[in-house]
Amino acid sequence: MPTSRQYLGLVLALVILLALAGCAAPAKTPLRVLMAGSLLVPFDHLEAAFERTHPNVDVLAEGHGSIQVIRHVTELHELADVVVTADHTLIPALMYTATDAETGRPYADWYVDFATNRLALAYTDRSAYADEVNVDNWYEVIARPGVRLGLADPRFDAAGYRGLMALQLAEVYYDDHLIFDNAITGRFESAIRVRKEGAQWFILVPEIVQ
């Protein structure tokens, strides 16, 4: 039979365990942020700063194409606390008009335009013709045989369709109506086409792009 001293020891151990359990750090509140992939680097810094000032919050950030970010909410009906896109016009176009089946309310009815960025042609010193490319010939260099051009999928990513728009605008800027075709033709399984109507150009992206 346990002695009274042993019983006392067990009781004290139980009290200590309960006290330690009560002192355990409370669970953090998750904050899910769906964002455009191009924003991952700056949002890493924002996440760290936010969590320093809000230690009870755990920011859970996911990067996708801007259109994919919105479709996660409007089509897959995933819950998100914050949606961040690289093209602010997507929010009224795709979230104001889509409604939640349970509440009947639109997925968004406001947004904050808080920052801007720029498109850039990125390459390294190992890229083909890296020692030649400049502001005057970049569109000719990317069209050369053997040069691989990486472009985000324009069906899902703002950088993708903005890249196509930049190529079309380059035709006007450089007064060369072959820039778009030379850069894009033959690089995709299905053709991306441009149609001009008056003073506007419409870039037609097929449903399936390699």
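Worth pointing out:
- In this Cβ point-charge picture (+1 for Lys and Arg, -1 for Asp and Glu), the chain has a dipole of about 720 debye about its Cα centre.
- Amide proton proximity set for residue 194, modelled H, under 5 Å, gap of 5+: 204
- Modelled FRET efficiency - R0 22 Å, residue 32 with residue 56, Cβ distances, 0.05 increments: 0.90
- Per residue, the accessible area of the stretch 97-157 comes to 82 Å², computed with a 1.4 Å probe over protein heavy atoms only.
- Mean ellipticity per residue at 222 nm, deg cm²/dmol - from DSSP H runs of n ≥ 4 across the chain, formula -39500 (n - 2.57): -10500 deg cm²/dmol
- Full extension of the chain between residue 44 and residue 112 yields a length gain of 22.5 nm, computed as 0.36 nm times the residue separation minus the alpha carbon distance.
- With Cα atoms, 0 to 90° folded angle of helix 4-23 axis to the chain main axis: 30 degrees
- Most mobile listed residue (183, 120, 143) in the chain, GNM with C-alpha springs under 10 Å: 120
- Here the spin labels are modelled as points 7 Å beyond Cα on the Cα-Cβ line, and at residue 119 and residue 132 they lie 2.3 nm apart.
- Lys/Arg +1, Asp/Glu -1 at C-beta; the chain dipole; positive extreme among 33, 88, 204: 33
- Within the stretch 128-182, the trypsin sites (Lys or Arg not before Pro) that combine a DSSP coil assignment with at most 10 other C-beta atoms in a 10 angstrom radius are 148.
- Top of 140, 51, 102 by mean-square fluctuation, Gaussian network on the chain, Cα under 10 Å: 102
- Note on the stretch 114-210: Kirkwood hydrodynamic radius from all Cα pairs is 14.5 Å, rounded to one decimal.
- Residue 96 accessible area, 1.4 Å probe, all protein chains in place, Å² to nearest 10: 80 Å²
- Annotation: residue 28 carries an accessible surface of approximately 120 Å², with a 1.4 Å probe and no ligand, DNA or RNA atoms counted.
- Carbon and sulfur %, accessible surface of the chain computed with the full protein complex present, 1.4 Å: 58 percent
- Across the stretch 144-210, C-alpha contacts under 8 Å between residues 6 or more apart give a mean separation that, scaled by the residue count, equals a relative contact order of 22 percent.
- J(HN,Hα) series, the stretch 192-205, from Karplus relation 6.51 cos²θ - 1.76 cosθ + 1.60, nearest Hz, glycine and proline x: 9, 10, 10, 10, 9, 10, x, 9, 10, 10, 10, 8, 9, 9
- Across 66, 38, 127, mean-square fluctuation computed from a Gaussian network of the chain (C-alpha pairs under 10 Å connected) peaks at 127.
- Between 0 and 90°, nearest 10: helix 158-174 axis offset from the chain longest Cα axis: 30 degrees
- Exposure check, 1.4 Å probe, all protein chains in place: residue 33 carries approximately 10 Å² of accessible surface.
- Kirkwood Rh (inverse of mean 1/r, distinct Cα pairs), the chain, angstrom: 21.6 Å
The values are calculated or read from the model by the stated rules, or taken from the named source; none is laboratory data. Every value quoted in this text rests on a predicted model; they were computed, and no experiment measured them. Every residue, glycine as well, gets a Cβ built from its backbone with ideal geometry; the counts of neighbours run over all protein chains shown. The area values use the complete protein model at the heavy-atom level, side chains included, leaving out ligands, DNA and RNA. Shrake-Rupley method; radii C 1.70, N 1.55, O 1.52, S 1.80 Å.
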